[in-house]
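Take a look at the structure set out below.
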2 protein chains.
Amino acid sequence: MSFSGQAVRKSLPPMQSQFPVAKAPAAGGHPNAVLGQENDVLSSLDTLGSVCRFARNETLFDQGQDLQSSYKIVSGAVRLCRLTADGRRQIAEFRVAGDFVGLEWDGQYALTAEAVRDVVAIRYARSRVDRMIAERSDIREGVFGLIRRDLRAAQDHLITLGCQTAKERVASFILQLARRDGTRDGETIEMQLGRQDIADYLGLTLETVSRTFTELKRKGIIALPKRRQVIVRSTARLTAQTAGLN
Amino acid sequence: MSFSGQAVRKSLPPMQSQFPVAKAPAAGGHPNAVLGQENDVLSSLDTLGSVCRFARNETLFDQGQDLQSSYKIVSGAVRLCRLTADGRRQIAEFRVAGDFVGLEWDGQYALTAEAVRDVVAIRYARSRVDRMIAERSDIREGVFGLIRRDLRAAQDHLITLGCQTAKERVASFILQLARRDGTRDGETIEMQLGRQDIADYLGLTLETVSRTFTELKRKGIIALPKRRQVIVRSTARLTAQTAGLN
DNA sequence: CGCCCAGTTGAGACATCTCAAGGCGCGTGG
DNA sequence: CCACGCGCCTTGAGATGTCTCAACTGGGCG
């Protein structure tokens, strides 16, 4: 049962925090060949854009706004989320260096994009992107593939939110991080995210996330060297916590 | 806060249960112009397909299988879901007459498709669909649009599963049904789905769904004339149960 | 007419949330 | 370089919503 291989893999921040990354995103040897390929093709968009910056917690765009720009993230991390009238928040995805945001819709933004930490990005006028998509089939295919990947990620996320217990969610999440960064047992994962962001992504409260991290640590399955770092001690045992999902 | 207008709207069974519907799906006056339009364009695929039937609970295809066929549903209803090793199930979407399934991915099916009730469908060989997508830009656009709509639906679904209480989920769900069928207060909605399917869609147990229906009925917000029928008595009061979401 | 399945209802268990307090790491300023 | 303070994280205790297990009911189909 390995259908969620693509899962929310591309969801989390890379190691470098402030070092601006050049156009070829840092993810050297990223296991997802498709992603790399798409980004290569889509990097021909680069010349059309202008650099811009967002401070931590600043909003790139709001759900419902007319879609005027798309962005490629150069450094930092962005959360894509839905906000409700009474303040509840559901994070759909995290985007990091090399990823695009605002490419997937037409008309209006479906999600709000906020900077998890300071972000440098390239902004593209939507009209130009649309023209590229119309004119170049390779770019069209690239965008198409990204959207398909997003759909899959969202569907994988549905299982997490619909069927998993807190322990399973956190375990799956850590495994996603590890897979995404290509780390092995014993290597440090820089997760960049605070407990609240993780909670909003997993549909839990920050206290529950914290307790679950603590429990996994107590069992020796993971280590928590410092704030926003995790080390997987045993991928096998962590996987065992996910009840066949991950 | 009306961002979920697109939501899982296209998710549920139409009124006619067994009457096979001709190629122009029954949904006369469907509020979603885009959907209608897309289907019109995509109906030019019809000539490529062959009719097939599936009994209630039969599987159209399994997650992970190589994607060989796409289907257009003529009558009945299909659930698209993920199954876990230990028997948990999360339904991502329901598809009904006029909808396509298996169109959205390449490579392998990401979800399992099962017949909620007896289904008549048109099957298209994937190779032919791919050719059409490559050759005809209007079809390509149609498919593209459908996938974008699916993505939006999935993201809306994330909020339901991540943030809403049982009462809010059920209320949102009924409102989706009503909107989808275009019914007004006092009109009967044929939902076609059993409590278990609703539960698996909403990330609840069937008992909780049942209790919630009962409570809404007791309050006079809805009526439950018979099995698998609902009548919304007050859309306003029902909306009030959703905490700004729906 | 009666069986069978879907749905309802109840009672108790339990996971997660809520509210609250305490600790400590990290960045800042001295 | 070290001390300080703020915010993040952890931990605790109690409340509660949902699940679980179980019995019962009713409608529909054979």
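The values are calculated or read from the model by the stated rules, or taken from the named source; none is laboratory data. Bear in mind that the values here come from a model prediction, so they are computed numbers and not experimental data. Every residue, glycine as well, gets a Cβ built from its backbone with ideal geometry; the counts of neighbours run over all protein chains shown. Calculation scope for accessible area: heavy atoms of the full protein, side chains included, ligands and nucleic acids excluded. Shrake-Rupley method; radii C 1.70, N 1.55, O 1.52, S 1.80 Å.
Remark: A:R233 falls outside the filter, which requires a residue to be open to solvent by 10 Å² or more (accessible area, probe 1.4 Å) and within 30 Å of A:G107 (Cα to Cα). Exactly one residue out of B:L111, B:L67, B:L103 is at pLDDT below 90, touching a strand residue (DSSP E or B) at 6+ places or on another chain (Cβ under 6 Å), within 30 Å of A:D138 (Cα to Cα) and not charged (D, E, K, R), and it is B:L103. Only one of the listed residues (A:V96, A:V74) is touching a residue at least 60 places away in the same chain (Cβ under 8 Å) and in contact with a Pro (Cβ under 7 Å, 6 or more places away or on another chain). That residue is A:V96.
The residues in the stretch A:147-195 that are within 15 Å of DNA strand C (Cβ to nearest atom), surrounded by fewer than 20 Cβ atoms within 10 Å (Cβ to Cβ), assigned to a helix (DSSP H, G or I) and not aliphatic (A, V, I, L, M) can be counted, and the count is 2. You will find that of B:R179, B:R152, B:R169, B:R148, the residue that is under 26 Å from A:L202 (Cβ atoms) and more than 9 Å from every other protein chain (Cβ to nearest Cβ) is B:R169 and no other. Within the span defined as the stretch B:136-148, one or more residues are in the same structural domain as B:Q63 (by TED's automatic domain parsing), out of contact with any Lys or Arg (no Cβ under 8 Å at 6 or more places or on another chain), of a type in the set (D, E) and modelled with pLDDT under 95. Residues in the stretch B:219-243 that are without any contact (Cβ under 8 Å) to a residue 24 or more places away in the chain, away from DNA strand D (no atom under 15 Å from the Cβ) and not in a loop (DSSP other than H, G, I, E, B): B:A236, B:R237, B:A240. Entry remark, the stretch A:151-197: residues being within 16 Å of DNA strand D (Cβ to nearest atom) and either small (G, A, S) or within 20 Å of A:R228 (Cβ to Cβ) (or both) number 18 in total. Looking across B:D106, B:D130, B:D118, one residue alone is at the interface with chain A (Cβ under 9 Å from one of its Cβ atoms) and acidic (D, E). It is B:D106.
Please verify whether B:E215 is open to solvent by 40 Å² or more (accessible area, probe 1.4 Å), within 13 Å of DNA strand D (Cβ to nearest atom), assigned to a helix (DSSP H, G or I) and modelled with pLDDT of 95 or more, treating the condition exactly as stated. So B:E215 fits the description; yes.
Whenever a residue of the stretch A:203-217 is without any contact (Cβ under 8 Å) to a residue 24 or more places away in the chain, its partners that are more than 8 Å from DNA strand D (Cβ to nearest atom) and open to solvent by less than 50 Å² (accessible area, probe 1.4 Å), lying with C-beta atoms within less than 6 angstrom and at least six residues away or across chains, give the pairs A:T205/A:A199; A:L206/A:A199.
From the set of residues in the stretch B:198-212 that are open to solvent by 70 Å² or more (accessible area, probe 1.4 Å) and not polar (S, T, N, Q), which is farthest from DNA strand D (Cβ to nearest atom)? Per the stated criteria, the residue is B:R211. Summed over the stretch A:196-205, the residues that are within 8 Å of DNA strand C (Cβ to nearest atom) and either closer than 14 Å to A:S172 by Cα or in a helix (DSSP H, G or I) (or both) give a count of 3.
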